[in-house]
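Below: the structure, in structure tokens.
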Amino acid sequence: MPELPEVETVVRSLAGELAGRRVVRVLLRERRLRGGVARDFSKRLEGRGITRLARRGKYLLAWLDDGAVLLVHLGMTGQLTIAPASRPDRVHDHVVITLDDGRLLTFNDARRFGRVAVVGGDALGVETGEGVDPLADAFTPDALFGLTRRRRTSVKSLLMDQRRVAGLGNIYVNEALFHAAIRPGRRAGRLGRDDCERLVASIRLVLAEAIQRGGSSISDYRDGLGRAGEFQLSHHVYDRARQPCRRCATPIRKQLHAGRSSFYCPSCQR
DNA sequence: CGCACCCCCTGCCGGC
DNA sequence: TGCCGGCAGGGGGTGC
């Protein structure tokens, strides 16, 4: 599921609900999430106030009033939702946080690839990585051009490497490369400045539209209030193998790159 | 450095 | 109908 637009949508849907709230109680029902949940997770959260929400790459950050940060990564199937106290228990509800207004903030994750942790504010960089956020001002054509120099890897692999660019996953890389008319398998080092200019603009545009439509709900994704997104209806290539290109009607091709499916139009993309 | 493979886990879908 | 293999938006590790 969740790439930058989905995490951003969760952040936006929860920001007003959580800012100023206090954590009353934490019920940790499953510690076997990615990396394992630390023993003191609940203790570091209980009694703390939540000051504000933010996003870094695919991480959701909730700043606490002691300077620490609750960090949530949704993995593939994670959902972080707020609901009335009357919400019944569901399968895969791994963390249930009771807030001071009685509502429940719940982390549900069928596959348990997600991660929750409380970390010191100064450890954020180490925990979340330092890749440039593609919506940040620092993500310029020059910056991307620099990242690609002397890189023999594919442009798709490079863009999905969270240590370099933080937030893009399989859906939005494929969509952005289609918009920029660049094939996923192109060697990063062979991109020209003009390619990087188009690619930065395409990434920004695709992400902005996706956020506007509330993200892509392929199957599991929901925002913080439980609502599905709609951007999957606007996909041009992702999960459209053998279907006609929306621009030229050529069948969309599916191909494996480093174990992940790539989708592209062999006519529009070069 | 780059990549081909593993792993982690559940759920769903299509084929037989 | 039921079973089984393959695949899925995530990341991490190893060995070549």
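At-a-glance table
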quantity: Complete set of residues in the stretch A:81-115 that are under 16 Å from A:Arg222 (Cβ atoms), within 14 Å of DNA strand C (Cβ to nearest atom) and touching a Gly at 6+ places or on another chain (Cβ under 6 Å); calculated: A:Asp109, A:Gly114
quantity: Unique residue being more than 15 Å from DNA strand C (Cβ to nearest atom), surrounded by fewer than 22 Cβ atoms within 10 Å (Cβ to Cβ) and closer than 27 Å to A:Gly47 by Cα when the list is A:Val126, A:Val118; calculated: A:Val118
quantity: Positions within the stretch A:29-45 being within 16 Å of DNA strand B (Cβ to nearest atom) and touching a Leu at 6+ places or on another chain (Cβ under 8 Å), in sequence order; calculated: A:Val37
quantity: Test: residue in the stretch A:149-162 that is within 16 Å of DNA strand C (Cβ to nearest atom), more than 20 Å from A:Pro2 (Cα to Cα), touching a residue at least 40 places away in the same chain (Cβ under 8 Å) and not charged (D, E, K, R); calculated: yes
quantity: Answer from A:Gly226, A:Gly214 - the residue that is in a loop (DSSP other than H, G, I, E, B), more than 12 Å from DNA strand C (Cβ to nearest atom), within 19 Å of the chain's Cα centre (by Cα) and on the phi > 0 side of the Ramachandran plot; calculated: A:Gly226
quantity: Among the residues listed as A:Arg151, A:Arg112, the single one being surrounded by 15 or more Cβ atoms within 10 Å (Cβ to Cβ), within 16 Å of DNA strand B (Cβ to nearest atom), in the same structural domain as A:Arg55 (by TED's automatic domain parsing) and among the charged types (D, E, K, R); calculated: A:Arg112
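The rows are residues; the columns are (1) in contact (Cβ under 8 Å) with a residue 60 or more places away in the chain; (2) in contact with a helix residue (DSSP H, G or I) (Cβ under 6 Å, 6 or more places away or on another chain); (3) within 30 Å of A:Leu14 (Cβ to Cβ).
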site: A:Asp195; (1), (2), (3): no, no, no
site: A:Gln212; (1), (2), (3): no, no, yes
site: A:Gly226; (1), (2), (3): yes, no, yes
site: A:Leu256; (1), (2), (3): no, no, no
site: A:Cys265; (1), (2), (3): yes, no, no
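The values are calculated or read from the model by the stated rules, or taken from the named source; none is laboratory data. Just so you know, these numbers come straight off a predicted model, no measurement behind them. When we count neighbours, we look across all protein chains shown, and the Cβ atoms used for this are built from the backbone with ideal geometry, even at glycine.
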